[in-house]
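For reference, the structure is listed below as structure tokens.
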Amino acid sequence: MEALSLSLNHGVTVLTGPNMGGKSVAMRTIGLQIILNQCGFLLPVKSAVLPLFNFVRVVAGEHEQVASGLSSFAGEMKRLGEVLSLTEAAIFLDEPMRGTQPEWGERTTRQFIAYCQKWKKSNLTFLVTHFHIPQDIDCQKRLRMAGWKKKRWETVLQEKGQNIEWLQQALVQAFSYVLEEDDGEQEDHEVQMQ
């Protein structure tokens, strides 16, 4: 388990990283601290300075609305439209645009970030995505889950284990759940198994 230590400001914070990297868990942990603070509870943290928000919203998971005749993607667009109308809000978005074609989803996510950063600066928006968000897309903060560490993996592979327990331990050793500042460059997360 890795401790989270970060400072967030109003504007858009983007968190990227590989599958199984802990992005959604990190987002939910931060969101839960904000909700607990909103309700006046003591927080299970060493220290925190949190403002109060007019609204706290999470857009995550399945958005299909069968009764309304909306597909998953249309339901998500409806929810995103609703959160865009909010001010002084904490908004958490878990992999938006995943219900559409990847190229279109990536382009739309970039546009969404740019819009929120320019026009919704009173909100704290925390967006988790697999999409590559280049440096030319302005946002308050860029983070990434460290994920696969190629050098760690290569070192572990040299040990040449023989069973499933060894493989499970090797995977744990080769993966890092640390939050890092993201420079906007695309990472090579591909791992070669021999």
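The table for this structure:
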quantity	calculated
Candidates Ser47, Ser72, Ser7 - the one that is open to solvent by 80 Å² or more (accessible area, probe 1.4 Å), out of contact with any strand residue (DSSP E or B) (no Cβ under 6 Å at 6 or more places or on another chain) and polar (S, T, N, Q)	Ser47
Selection within the range 112-132 - within 19 Å of Phe55 (Cα to Cα) and assigned to a loop (DSSP other than H, G, I, E, B)	Lys120, Lys121, Ser122, Asn123
Number of the condition not met by Thr100 [criteria: (1) open to solvent by 70 Å² or more (accessible area, probe 1.4 Å); (2) part of a loop (DSSP other than H, G, I, E, B)]	(1)
Filter result for Lys118 (out of contact with any Cys (no Cβ under 9 Å at 6 or more places or on another chain), more than 17 Å from Asp138 (Cβ to Cβ), open to solvent by 80 Å² or more (accessible area, probe 1.4 Å) and not hydroxyl-bearing (Ser, Thr, Tyr))	no
Filter result (surrounded by fewer than 18 Cβ atoms within 10 Å (Cβ to Cβ), modelled with pLDDT of 85 or more and not in a loop (DSSP other than H, G, I, E, B)) within the range 133-151	Lys141
Qualifying residues in the range 50-63 (those that are open to solvent by 70 Å² or more (accessible area, probe 1.4 Å) and either hydrophobic (A, V, I, L, M, F, W, C) or under 21 Å from the mean Cα position of the chain (by Cα) (or both)) - the one modelled with the lowest pLDDT	Glu62
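The values are calculated or read from the model by the stated rules, or taken from the named source; none is laboratory data. All values derive from a computational prediction rather than experimental measurement. Cβ sites come from the backbone with ideal geometry, for glycine too, and all protein chains shown count toward neighbours. Note: areas computed on protein heavy atoms with side chains; ligands, DNA, RNA excluded. Shrake-Rupley method; radii C 1.70, N 1.55, O 1.52, S 1.80 Å.
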